[in-house]
Amino acid sequence: MVDSRVRIKDHWNEQRIFSQRTLGALVVVAVLVLVLIGRLVFLQVMRHDYYTELSQGNRVRLDPIPASRGLIFDRNGKVMADNEPAYQLELVREQVPDLNDTLNRLTALGLIDRDEVEDTRRIILSRRTFDSVPVRLRLTDEEIGAFAVHRYQFPGVDLATRQTRHYPLGQLAVHALGYVSAISVQDLEHIDRVTYAGTTLIGKLGVESAYERPLHGKNGYREILVNAQGRSVQREGAFAAELHSQAPIAGDDLVLSIDVATQQAAEDALGDHRGAVVAIDPANGDVLALVSKPGFDPAAFARGLSRSEYAALSDDIDKPLFNRALRGTYPSGSTIKPVIALAGLTYHVVDPSRQEFCAGVFHLPGSSRLFREGKGGKHGWVDLEHAIARSCDVYFYGLAATIGAEHIADFMAPFGYGALTGIDISGEKPGLLPSPEWKRKAFKRPEDQIWFPGETVNFGVGQGYLLVTPLQLAHVASVLAERGKSFQPRLVTGVRDIEGHLKAIAPVQLPAIDNVSDAAWDLVLRGMMGATTYGTAAAISKGASYLIAGKTGTAQVFSVGQNEKYVEKNVAERLRDHAWFIAFAPADAPRIAIAVLVENGGFGASAAAPIARRVMDAYLLHQSTAPAANVAVPESQASD
């Protein structure tokens, strides 16, 4: 009988296969374990130092330490800009229960301007939740007290001490010094962000801006242990990280050419008038005083201006942010006459001893137009020297017509008219030196490109297209004082490093005017001394212990018709003539050259010249004011 049973399971064979597979798996696992152990040995033993350094870098953050900004001194060591600690309000968002409510309550306390709330909120939200974000800079004592009383109501908000810019003299010389303000988006486009890491303020105008690099210094750093989220943590014992730090290097100090006493005298003398005063040492180009009024408080920019505060400054009709000394352009008026006289003598088109008769009106040959003497005066017979001293328009109308516009422009250019002086701060304007060639290029229509003889006549008394800045005229006065020798105006004379080493900056001499004879210089400078002794500005020499050479000027703001007469009291204040005065002293050994502009001040003799006297007294006599300068100018003498 055949056995029909089928064997469906072979236990022995299955056991053999299982054993083989188990052995293979063990071998694979063993190999993998050996590979893992080998890799761990490689990473933790052989490459231990490498990965230790790498992991240390991952958990250590560099926190910048801002450098102290360099100080600014005047020529005698008087501090004009330094640094001081100040309290500011900072907020950590993750610790604030309700950001909007907190900002609204800070506004109610007067710590944040209502117009700034939305901008402040955007700034806070743009930062990490655990960052401490400044929401108000430079708190006053009253504001600190107001917050301290309510501090318990503001979790996540606290006071922090930071360093800020301080101007101990307030608004004095603000247009020369400039100011610092918060780094803007525009600033980030041209600065090294690494260098400025941790820095909140940067120079914006004046010396603060022009010398930003040496003033800024070099930031330091400290290493801080952080977790994966970037939050600072602390480790002790075997887990403590080896943290390093590097101290910042303070910025260099600057020594200015400004003399604080002279600057103060100039600002006091100008008073509430709109205008500018620039005083220069003609021997080297040092700017002794640079005034533009009205001014503004630079500390307001350092603490941060609200929108309403900035709008009040920018919309002010008197333009306190406008630097009139460098950027204000005005007709020069009769201050041009000494240079026109030099041109006539150099081109040999005038006999200085020949007298011309001034009847108060000049008739241009071939024209029916009349050119009148200032204030309707009549000087009678005058020669060149007396024409300068008495500021005779009629004489210079004729002289300019004789010289010609092309020759006048060519002669004036080396004095600096129509060009930048090159002062070491930005913002300067070049003014305008007109000529027939300039007019052909400046106008599009052919009929406007014609230079008319009457324009040359106006050119001779500093009217028409000619425009100058107060800085330019101070430079011209210094060139006259030095008989053609010229230096580039400058505000910074030295840089001192943190070790106290002072590096002097050498003055820059410009090409001299060497085509004028000594006899011509003598005659013209005698005329300028005559202006301050018997001429238009005679009153300012009263009681002076030194000789003054000067020239008054009056610049028209609008043109008076042929048959009209200028009556100051009938003219709106802002349409009245500008008053000029340029001078240098002592006339026989000049130490100071000055230009004074009083906007809408009227006549240079009565409005501008007394200001110049007070400034010269302050510098030459080492006092801030000079009572003898407070004199009235008789109406008969003030033709300019």
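The values are calculated or read from the model by the stated rules, or taken from the named source; none is laboratory data. A quick note: this is a predicted structure, and the numbers were derived from the prediction, not measured. With ideal geometry, Cβ positions are generated from the backbone for all residues, glycine too; neighbour counts draw on all protein chains shown.
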Just one of the numbered conditions (1) under 25 Å from VAL349 (Cβ atoms); (2) part of a helix (DSSP H, G or I) is not true of LYS441; which one? (1)
Cβ pairs under 8 Å, 6+ apart or interchain, first in segment 468-481 and more than 12 Å from VAL277 (Cβ to Cβ) and of a type in the set (S, T, N, Q), second in a helix (DSSP H, G or I) and at pLDDT 95 or above, ordered by first then second residue, are THR469/ALA325; THR469/LEU326; THR469/ARG327
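Buried (at least 22 other Cβ atoms within 10 Å of the Cβ) and either under 25 Å from THR533 (Cβ atoms) or in contact with a Phe, Trp or Tyr (Cβ under 6 Å, 6 or more places away or on another chain) (or both): does that describe LEU399? If you could, list the steps in order and put the result at the bottom.
Numbers: buried (at least 22 other Cβ atoms within 10 Å of the Cβ): yes; either under 25 Å from THR533 (Cβ atoms) or in contact with a Phe, Trp or Tyr (Cβ under 6 Å, 6 or more places away or on another chain) (or both): yes.
When the stated conditions are applied, LEU399 passes them.
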Quickly run through segment 357-372 and pick out the residues that are under 14 Å from ALA401 (Cα atoms) and surrounded by 14 or more Cβ atoms within 10 Å (Cβ to Cβ). PHE362, HIS363, LEU364, PHE371
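Quick one: count up the residues across segment 201-224 that are charged (D, E, K, R), within 21 Å of ALA299 (Cα to Cα), in contact (Cβ under 8 Å) with a residue 40 or more places away in the chain and surrounded by fewer than 22 Cβ atoms within 10 Å (Cβ to Cβ).
So the first thing to find is which residues in segment 201-224 are charged (D, E, K, R), and the list is 204, 208, 212-213, 218, 222-223.
Applying the additional criterion that residues be within 21 Å of ALA299 (Cα to Cα) yields 204, 208, 212-213.
Now drop any that are not in contact (Cβ under 8 Å) with a residue 40 or more places away in the chain, which leaves 204, 208.
Imposing the further condition that a residue be surrounded by fewer than 22 Cβ atoms within 10 Å (Cβ to Cβ) reduces the set to 204.
Here the count works out to 1.
Filter segment 429-449 for residues that are within 21 Å of VAL492 (Cβ to Cβ) and buried (at least 19 other Cβ atoms within 10 Å of the Cβ) and give the result. If you could, list the steps in order and put the result at the bottom.
Kept after step one, since they are within 21 Å of VAL492 (Cβ to Cβ), are these residues of segment 429-449: 429.
Within segment 429-449, no residue meets the criteria.
Being assigned to a helix (DSSP H, G or I) and either farther than 24 Å from VAL260 by Cβ or among the hydroxyl-bearing types (Ser, Thr, Tyr) (or both) is the filter; apply it to segment 170-211 and report the residue that is modelled with the highest pLDDT. Full working, then the answer.
Taking segment 170-211 first, the residues assigned to a helix (DSSP H, G or I) are 174-177, 185-188, 206-210.
From the residues that got through so far, the ones that are either farther than 24 Å from VAL260 by Cβ or among the hydroxyl-bearing types (Ser, Thr, Tyr) (or both) too are 185-188, 209.
Working: VAL185: 65, GLN186: 74, ASP187: 76, LEU188: 69, SER209: 94.
The extreme case among them is SER209.
If the requirement is being within 36 Å of the chain's Cα centre (by Cα), of a type in the set (A, V, I, L, M, F, W, C) and part of a loop (DSSP other than H, G, I, E, B), which of these qualifies: ILE450, ILE408, ILE425?
Working: ILE450 fails: within 36 Å of the chain's Cα centre (by Cα); ILE408 fails: part of a loop (DSSP other than H, G, I, E, B).
Only one candidate passes the filter, namely ILE425.
Every residue, every condition in (1) charged (D, E, K, R); (2) modelled with pLDDT of 85 or more; (3) surrounded by 14 or more Cβ atoms within 10 Å (Cβ to Cβ); (4) in a loop (DSSP other than H, G, I, E, B), yes or no:
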{"residue": "VAL6", "(1), (2), (3), (4)": "no, no, no, yes"}
{"residue": "TRP12", "(1), (2), (3), (4)": "no, no, no, no"}
{"residue": "ARG16", "(1), (2), (3), (4)": "yes, no, no, no"}
{"residue": "GLN20", "(1), (2), (3), (4)": "no, no, no, no"}
{"residue": "ALA30", "(1), (2), (3), (4)": "no, yes, no, no"}
{"residue": "GLU53", "(1), (2), (3), (4)": "yes, no, no, no"}
{"residue": "PRO64", "(1), (2), (3), (4)": "no, no, yes, no"}
{"residue": "ARG69", "(1), (2), (3), (4)": "yes, yes, yes, yes"}
{"residue": "LEU89", "(1), (2), (3), (4)": "no, yes, yes, no"}
From the list ALA108, ALA81, ALA86, ALA67, pick out the single residue that is more than 29 Å from ILE498 (Cβ to Cβ) and small (Gly, Ala, Ser). ALA108
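Taking segment 365-386 as the search range and keeping residues that are part of a helix (DSSP H, G or I) and more than 39 Å from the chain's Cα centre (by Cα), which one is farthest from ALA549 (Cα to Cα)?
Kept after step one, since they are part of a helix (DSSP H, G or I), are these residues of segment 365-386: 374-376, 384-386.
Next cut, more than 39 Å from the chain's Cα centre (by Cα) only: 376, 384-386.
Numbers: GLY376: 25, LEU384: 16, GLU385: 13, HIS386: 14 Å.
Once the filter is applied, the top-ranked residue is GLY376.
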Among ASP158, ASP115, ASP141, the single one that is surrounded by 11 or more Cβ atoms within 10 Å (Cβ to Cβ), over 24 Å from ASP63 (Cβ atoms) and not aromatic (Phe, Trp, Tyr) is ASP115
Test result for PHE411, assigned by TED's automatic domain parsing to the domain that holds ILE340 and closer than 19 Å to SER486 by Cα: yes
